[in-house]
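The values are calculated or read from the model by the stated rules, or taken from the named source; none is laboratory data. Here the structure is a predicted model, which is why all the values come from computation and not from measurement. For neighbour counting, all protein chains shown are included, and Cβ atoms are generated from backbone atoms with ideal geometry for every residue, glycine included. Note: accessible area is taken over every heavy atom of the protein model, side chains too, but ligands, DNA and RNA are not part of it. Shrake-Rupley method; radii C 1.70, N 1.55, O 1.52, S 1.80 Å.
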Amino acid sequence: MAAKSFSMEFFPPQTPEGVEKLRIARRQLAQLKPQFFSVTFGAGGSTRERTFGTVLEIQQEGYEAAPHISCVASTRDSIRGMLQRYREAGIKRVVALRGDMPSGMVEAGEFRYANELVAFLRAEFGNAFHVEVAAYPEYHPQAKSSQDDLASFKRKVEAGADSAITQYFYNVDAYFAFIEECQAAGIGVPIVPGIMPIGRFSQLARFSDACGAEIPRWIREKLHGFGDDTASVRSFGLDVVTALCDRLLRGGAPGLHFYTLNQAGLTTTIWQRLGL
Ligand SMILES: Cc1cc2nc3c(=O)[nH]c(=O)nc-3n(C[C@H](O)[C@H](O)[C@H](O)COP(=O)(O)OP(=O)(O)OC[C@H]3O[C@@H](n4cnc5c(N)ncnc54)[C@H](O)[C@@H]3O)c2cc1C
């Protein structure tokens, strides 16, 4: 059996203080020896230089860094140029996405869906990069149906994706049902669960509403009930997310990808509790 893949995600900070905070968090998280750190990318290229700078800094510190690339509102030339820069810098892994335009902005560009980006990457860069794509155990909110979403995921894999990272979820059964569905559809790539530690309820509720990740009622009610008691939110969240990770790994998940939100604390505690 292949070794499990444990990875962590950051967003590119906007301010010098944010850059410094991320350096400190990264130093702590690096001690856990994840396989790679990925760095998100603002759709339409809004974080292009910040993503590039963060990726390079991680790589120069001696860790594997994987930039996210989203293709919405982009041209082939701009994506090609970015990938060339990454290849020249020695980057070997990318997370290829469609991305979401901020509301009100028009999605004009040369790519419509992530499978087109994956196909472009393979056509232009061969096997220079390990290509990760996104997967949705609770289905993408814009998908016409779960069947359509599975077909879209399959298209990305057939276009050349090597592995996938999921949207976060708290329903463990949704993940395993999705894996079974993928296997039945002949999708054989590793599908690593994305894990969102629970730090602040309001922030989590906002993210979840936007991306279609369900917070089960019993978790939502508990978190809501804690109000401003951050310590209780974090303590309950750690128990819930550690148990989720444990069930995922015992059930055969090929690794875990942590959405760290540039914070080291919760991810480190979950990691240590799991004995990774
Ligand atoms: C691990 C992970 C990392 C992420 N990182 C970022 C990031 O760095 N920056 C960012 O902006 N966003 C990021 N996102 C969010 C992501 O961009 C959004 O979820 C986006 O809405 C979909 O991107 P995708 O690559 O999954 O799109 P796609 O795979 O293109 O799917 C998008 C939607 O279109 C449908 N679809 C796909 N192909 C077709 C077709 N041919 N015809 C009709 N419908 C189709 C799908 O079913 C789905 O509903 C990330 C998500 C995940 C899970």
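Out of all the residues in the stretch 12-53, which are more than 20 Å from Gln84 (Cα to Cα), open to solvent by 30 Å² or more (accessible area, probe 1.4 Å) and part of a helix (DSSP H, G or I)?
Listed by number, the residues that qualify are Pro16, Glu17, Val19, Glu20, Lys21, Arg23, Ile24, Arg27, Gln28.
Which one is nearest to Thr54 (Cα to Cα) among residues in the stretch 16-40 that are away from the ligand (no atom under 16 Å from the Cβ) and among the small types (Gly, Ala, Ser)?
Among residues in the stretch 16-40 that are away from the ligand (no atom under 16 Å from the Cβ) and among the small types (Gly, Ala, Ser), the one nearest to Thr54 (Cα to Cα) is Gly18.
What residue, of Ser70, Ser78, Ser7, is among the hydroxyl-bearing types (Ser, Thr, Tyr) and under 21 Å from Pro197 (Cα atoms)?
Matching residue, one of Ser70, Ser78, Ser7: Ser7.
Taking interchain pairs and intrachain pairs at least six residues apart, which have beta carbon atoms under 7 angstrom, with the first residue in the stretch 133-149 and within 15 Å of Leu97 (Cβ to Cβ) and open to solvent by 50 Å² or more (accessible area, probe 1.4 Å) and the second assigned to a loop (DSSP other than H, G, I, E, B) and more than 6 Å from the ligand (Cβ to nearest atom)?
Taking only residues 6 or more apart or on different chains, the pairs are Pro141/Gly212.
Any residue in the stretch 1-27 that is under 16 Å from Phe258 (Cβ atoms) sitting within a Cβ distance under 6 Å of a residue that is part of a helix (DSSP H, G or I) and more than 16 Å from the ligand (Cβ to nearest atom)? List the pairs, counting only those 6 or more apart or interchain.
Close Cβ pairs (under 6 Å, with a partner that is part of a helix (DSSP H, G or I) and more than 16 Å from the ligand (Cβ to nearest atom)) amount to Met8/Leu29.
Being without any contact (Cβ under 8 Å) to a residue 40 or more places away in the chain and of a type outside the set (Ser, Thr, Tyr) is the filter here, so list the residues in the stretch 183-202 that pass it.
Here is the first cut: in the stretch 183-202, the ones without any contact (Cβ under 8 Å) to a residue 40 or more places away in the chain are 183-189, 200-202.
Answer for the stretch 183-202, where residues must be without any contact (Cβ under 8 Å) to a residue 40 or more places away in the chain and of a type outside the set (Ser, Thr, Tyr): Gln183, Ala184, Ala185, Gly186, Ile187, Gly188, Val189, Arg200, Phe201.
Looking at (1) in a helix (DSSP H, G or I); (2) open to solvent by 10 Å² or more (accessible area, probe 1.4 Å), can you tell me which one Val233 breaks?
(2)
Just wondering, is there one or more residues in the stretch 241-258 that are touching a Gly at 6+ places or on another chain (Cβ under 7 Å) and at pLDDT 95 or above? Before the answer, list the steps.
First, pick out the residues of the stretch 241-258 that are touching a Gly at 6+ places or on another chain (Cβ under 7 Å): 257.
From what is left, the residues that are at pLDDT 95 or above are 257.
There is at least one residue in the stretch 241-258 that is touching a Gly at 6+ places or on another chain (Cβ under 7 Å) and at pLDDT 95 or above.
What number of residues within the stretch 65-105 are near the ligand (Cβ under 9 Å from one of its atoms) and hydrophobic (A, V, I, L, M, F, W, C)? Break it down into steps so the answer makes sense when it comes.
The initial filter retains those residues of the stretch 65-105 that are near the ligand (Cβ under 9 Å from one of its atoms), namely 67-72, 95-101.
Next, only the ones that are hydrophobic (A, V, I, L, M, F, W, C) stay: 69, 71-72, 95-97, 101.
Result for the stretch 65-105: 7.
In the stretch 43-57, which residue that is touching a residue at least 40 places away in the same chain (Cβ under 8 Å), on the phi < 0 side of the Ramachandran plot and out of contact with any Gly (no Cβ under 6 Å at 6 or more places or on another chain) is nearest to the ligand (Cβ to nearest atom)?
The qualifying residue nearest to the ligand (Cβ to nearest atom) is Thr54.
Which count do you get for residues in the stretch 54-80 that are under 22 Å from Arg122 (Cβ atoms) and either polar (S, T, N, Q) or not in a strand (DSSP E or B) (or both)? Spell out the reasoning first.
Keep residues of the stretch 54-80 that are under 22 Å from Arg122 (Cβ atoms), which gives 55, 64-80.
Right, trim to either polar (S, T, N, Q) or not in a strand (DSSP E or B) (or both) and you get 55, 64, 70-80.
Qualifying residue count for the region: 13.
Could you check the stretch 183-202 and list, in sequence order, the residues that are more than 14 Å from the ligand (Cβ to nearest atom) and touching a Leu at 6+ places or on another chain (Cβ under 8 Å)?
Pro197, Ile198, Gly199, Phe201, listed by residue number.
In the set Ala164, Ala119, Ala177, Ala123, which member is within 10 Å of the ligand (Cβ to nearest atom) and modelled with pLDDT of 95 or more?
Residue meeting the stated conditions: Ala164.
If the requirement is being closer than 17 Å to Phe6 by Cβ and among the charged types (D, E, K, R), which of these qualifies: Arg200, Arg217, Arg250?
Details: Arg200 fails: closer than 17 Å to Phe6 by Cβ; Arg217 fails: closer than 17 Å to Phe6 by Cβ.
After ruling out the rest, the residue left standing is Arg250.
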